[in-house]
1. First obtain the Kirkwood hydrodynamic radius of region A:143-198 from its Cα pairs, then insert it into the Stokes-Einstein equation at 20 °C and 1.002 mPa s, and state the resulting D in µm² per second as a whole number.
2. Say a label goes 7 Å from Cα toward Cβ at residue B:284 in every copy; what distances in nm does this one have to the rest, shortest first?
3. What translational D, rounded to a whole number of µm²/s, comes out for region A:210-270 from Stokes-Einstein when the hydrodynamic radius is the Kirkwood one over Cα pairs, at 20 °C and 1.002 mPa s?
4. Measuring nothing but label to label, 7 Å from Cα along Cα→Cβ, what are residue B:197's distances to the other copies in nm, shortest first?
5. What relative contact order, as a whole-number percentage, does chain A give when Cα pairs under 8 Å and 6 or more residues apart are counted?
6. Say a label goes 7 Å from Cα toward Cβ at residue B:311 in every copy; what distances in nm does this one have to the rest, shortest first?
7. Please report, for the Cα atoms of region B:42-95, the Rg to one decimal and the Dmax as a whole number; what are they, in angstrom?
8. Rank A:187, A:48, A:112 by mean-square fluctuation in a GNM of chain A with C-alpha springs under 10 angstrom and give only the top-ranked residue.
């Protein structure tokens with residue numbers, strides 16, 4: 001079925017409220033879900049909203065939580081999400097984060113105590129849409145391992161970066177530190193499909209191409225030791241600097257009644273006058289050389305949501 | 001031959017001055033070279049100093065340049081390195097960067113117009129040694145390509161991250177966005193050795209294991225599309241945000257008479273009380289799970305410098 005962004009927002013908002021979310025929580029989440037869908041990121045759009053609905057109902061998200069926002073230093077915003085969603089704390093802090101980055105040259109948002117962050121590109125894309133450069137990192141319950149350790153010790157720990165361009169959508173990427181995102185393995189398992197070598201280990205710590213075995217094992221970091229270092233940086237910033245649960249200690253985001261209580265760390269840099277124009281010109285040169293430039297697409301104005309997802313939303 | 005850190009500093013300082021560096025430039029560079037050697041990073045220690053000596057003599061570094069340091073916003077330090085070395089601008093700004101990060105929660109150092117940055121871990125290790133978390137990125141003349149583009153379009157664009165620990169040296173890594181650092185290919189070419197598949201393309205844009213062919217071609221990004229995105233983030237921050245030459249436009253750092261005039265961007269975060277203790281405890285758990293934790297080693301107190309390098313220093 002096809003929806004306008006406003007209709008899709010209403011669909012998401014009502015579903016969240018039925019699952020127990022307070023109106024402002026539902027609204028904040030719906031905004032993020034629709035933004036992901038409009039950016040073409042379906043696996044972290046409505047498909048992922050289903051995880052949130054179960055989590056509200058089963059107690060992994062406190063749908064009535066009010067984030068506590070504090071300003072310990074002029075360019076630092078700290079948020080305790082109080083076991084709620086990650087998006088509401090960011091919404092409450094957004095205008096201050098913008099203003100402080102512009103006033104000080106850089107500012108940082110550090111949140112702990114939330115459910116997993118959803119589409120990470122949502123946070124950086126919003127800042128780049130307002131003319132800032134942004135990097136965001138978040139951690140998550142341990143699902144990933146590195147070459148030497150054969151059990152899950154880190155989250156898939158995504159990193160997103162965005163920068164404003166003169167024309168159209170910003171330059172933006174949002175990628176897991178694992179060779180693939182967890183949702184891709186889950187999707188393959190649901191469809192009964194194999195996964196490529198290098199994506200995952202099975203429950204015994206051995207390499208596997210069986211997606212169902214992989215769900216009992218661990219994802220592998222991308223790019224060997226260098227990718228594992230990126231995952232570690234994400235962990236130290238998203239869980240260490242924010243004071244959130246380490247990935248190793250975070251309760252599951254798909255079962256049980258406890259919040260993962262993980263972290264989100266964002267850095268926003270003010271850009272000098274003319275930045276977007278200069279970057280636009282250079283990005284076009286790189287694209288002419290054949291380089292793939294992530295992001296830059298506009299927002300979709302019509303969203304196609306599969307019937308089975310709508311069914312689950314309306315349950 | 002073996003040297004104490006002080007003796008090694010004198011050796012490097014005198015060599016730089018003989019090549020045309022002013023005393024403060026020579027001192028700043030010697031400090032970075034000895035720090036790299038003490039951290040066990042020999043390829044970016046005295047071996048790399050030789051590149052600097054040629055660059056002073058041939059005009060790629062202005063050995064008499066005085067960096068211009070400005071403070072456009074409270075948490076932002078901008079430096080125009082004036083075609084000199086990268087290290088002097090950082091030295092001049094270091095105490096202010098520390099103070100501003102502590103006062104504002106985060107601060108950023110943005111430098112353009114310098115020679116390549118040398119060991120990037122030097123910058124983050126120093127900040128972590130004083131209790132801050134730090135990320136540093138720098139760009140460099142184009143030597144690297146991505147899967148789709150078969151010619152050099154980006155520098156090897158390293159990223160370094162460091163965080164303070166309660167005991168001993170900080171957690172720190174410093175890695176190129178290429179599958180291997182340029183110096184490793186050059187070293188293999190000098191030794192007449194082959195390089196592994198996946199490191200480089202030859203001058204025609206085809207994969208090669210011949211290190212000499214690779215020097216005429218391009219290095220490959222690590223970890224496929226994800227690694228290429230990291231390289232792009234480094235480029236946008238190190239060259240875009242700072243206003244430095246894009247890697248594609250940067251003159252060579254090993255030949256010709258022009259400065260590469262590239263950029264260095266550092267973010268320094270203040271850490272909450274108890275951060276180092278909490279990270280120390282967790283890092284030990286990860287290490288027990290078999291994860292490789294980068295850095296953490298102490299500084300060497302005796303430096304072994306090969307005779308052929310000493311000969312070149314004293315030339």
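1. It diffuses with D of about 158 µm²/s by this estimate.
2. Here residue B:284 shows inter-copy label distances of 5.7 nm.
3. The Stokes-Einstein estimate is 158 µm²/s.
4. Copy-to-copy label distances at residue B:197, shortest first: 1.0 nm.
5. 23
6. For residue B:311, the other copies' label points sit at 7.9 nm, shortest first.
7. Cα only, region B:42-95: 13.2, 38 Å (Rg, Dmax).
8. A:187
No lab work stands behind these numbers, since they all come straight from the coordinates. Fair warning: this is a prediction, and the values are worked out from it, not measured in the lab. Virtual Cβ from ideal backbone geometry, glycine too; neighbours counted across all protein chains shown.
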